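J.: Here it is, the structure, as structure tokens.
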């Protein structure tokens, strides 16, 4: 009974630490989001005839994370910037850019989340060792694996986000190029065709095209805007399309013809990609069949025969 109580306490401690890590990550993410403009809100209320609100009440009306977590995170960011190598921060910031999270999280905040996850898992492992008293081999393995898992888990999550976003861009690229080609052939300009794509698609590729369109509207040359698009996505197929578009723009080739050719090529590539995925399915299905389906089939088929044979020998 004592061991069961100790195990229950250890499980409760681990659950509380994981919950604390989740709350800390949410707080850091929310601290970077644009806060609700309380001053404008109360100014509008005052203009409509409501009672005036002092500065203290306006401060209290802000979210808890903006009042408490954001000042703490600002001080922590300075420490992280001094202690973390610049190359690692630059690489993390590049991954955040590729995953589309650069607007909600900075590289320093991600490093803080990694350090928090590492510390929480290490403390959880120590609490389990003190409460459950496992074997020395298990204890040493937990002390080694806990910080490694705590540091690598956020990094693997970020890498997965990058791959998911690049996959979504690659999946939507043929349809987007088709709409671009149809719009340009209908007589619209290239910027107008980009605006049509941004209106009719809700995807990471449409968001990137919208950002590129805004850069061109602000006066950035088309070549520089599309070079920025290549850096933000790093999808080979999209990079090839940008290169062909810039070459056509430099040589004076009609953009409609280039778009139609690129759309046809991307449809063929997507068809080849689907065939490749279908060809890999039998190999991927082999291991679940051997591990789970075939044993049950053997039990169903050979079970009665084995019982009959055993009874015959008796």
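J.: Efficiency by 1/(1 + (r/R0)^6): what FRET value for residue 90 and residue 126, r their Cβ-Cβ distance, R0 = 35 Å, to the nearest 0.05?
T.: Values: r = 33 Å, r/R0 = 0.95.
Computed FRET efficiency for residue 90 and residue 126 comes out at 0.55.
J.: Got a sec? How would 128, 88 order by Cβ neighbour count within 10 Å, fewest to most?
T.: Details: 128 22, 88 11.
Exposure proxy ranking, most exposed first: 88, 128.
J.: Taking 8 Å as the Cα distance limit and 6 or more residues as the minimum spacing, I'd like the relative contact order of the range 123-204 as a percentage.
T.: Working: 22 pairs, mean separation 19.9, N = 82.
Relative contact order, the range 123-204: 24 percent.
J.: If I take R0 = 30 Å and measure r between the Cβ atoms of residue 292 and residue 160 in this structure, what FRET efficiency does the formula 1/(1 + (r/R0)^6) give, to the nearest 0.05? Don't skip to the end; give the middle numbers.
T.: Details: r = 26 Å, r/R0 = 0.86.
Efficiency for this residue pair is about 0.70.
J.: What distance in nm separates the simple spin-label points at residue 202 and residue 269, each placed 7 Å from Cα in the Cβ direction?
T.: Distance between label points: 2.7 nm.
J.: Gain in length, residue 305 to residue 278, computed as 0.36 nm per residue apart minus the alpha-carbon separation, to one decimal in nm? Before the final figure, lay out the partial values.
T.: On the way: separation 27, 0.36 × 27 = 9.72 nm, distance 3.78 nm.
5.9 nm is the gain from fully extending residue 305 to residue 278.
J.: Moving on to the next point. Give the order of 301, 182, 169 when sorted by the count of other beta carbons within 10 angstrom, beginning with the fewest. List each step's numbers first, then the result.
T.: On the way: 301 10, 182 16, 169 22.
Lowest count first: 301, 182, 169.
J.: Moving to a separate point now. Please quote Rg/Rh for the range 72-193 to two decimal places, taking the Kirkwood radius as Rh and restricting both calculations to Cα atoms. All intermediate terms of the calculation are to be shown ahead of the outcome.
T.: Working: Rg = 22.0 Å, Rh = 17.8 Å.
Rg/Rh: 1.24.
J.: A follow-up question, please. Normalised by the number of residues in the range 168-270, what is the relative contact order in percent for Cα pairs under 8 Å and 6+ residues apart? Don't skip to the end; give the middle numbers.
T.: Values: 86 pairs, mean separation 39.0, N = 103.
Relative contact order comes out at 38 percent.
J.: Please give the length that would be gained between residue 222 and residue 149 if that part of the chain were fully extended, namely 0.36 nm times their separation in residues minus their C-alpha to C-alpha distance (nm, one decimal). Numbers along the way, then the final one.
T.: Details: separation 73, 0.36 × 73 = 26.28 nm, distance 4.39 nm.
That pair, residue 222 and residue 149, stretches by 21.9 nm at full extension.
J.: Let me ask something else about it. Can you give me the C-alpha center-to-center distance between the range 81-116 and the range 151-173, rounded to a whole angstrom?
T.: 15 Å
J.: If we restrict to alpha carbons, what Rg and Dmax does the range 217-302 come to, in Å?
T.: Calculated on Cα positions, Rg and Dmax stand at 23.1, 76 Å.
We did not get these values from a lab; they are worked out from the coordinates using the rules stated. Small disclaimer: the values here were computed from a predicted structure and weren't measured. Note that we place each Cβ from the backbone using ideal geometry, even for glycine, and neighbour counts take in every protein chain shown.
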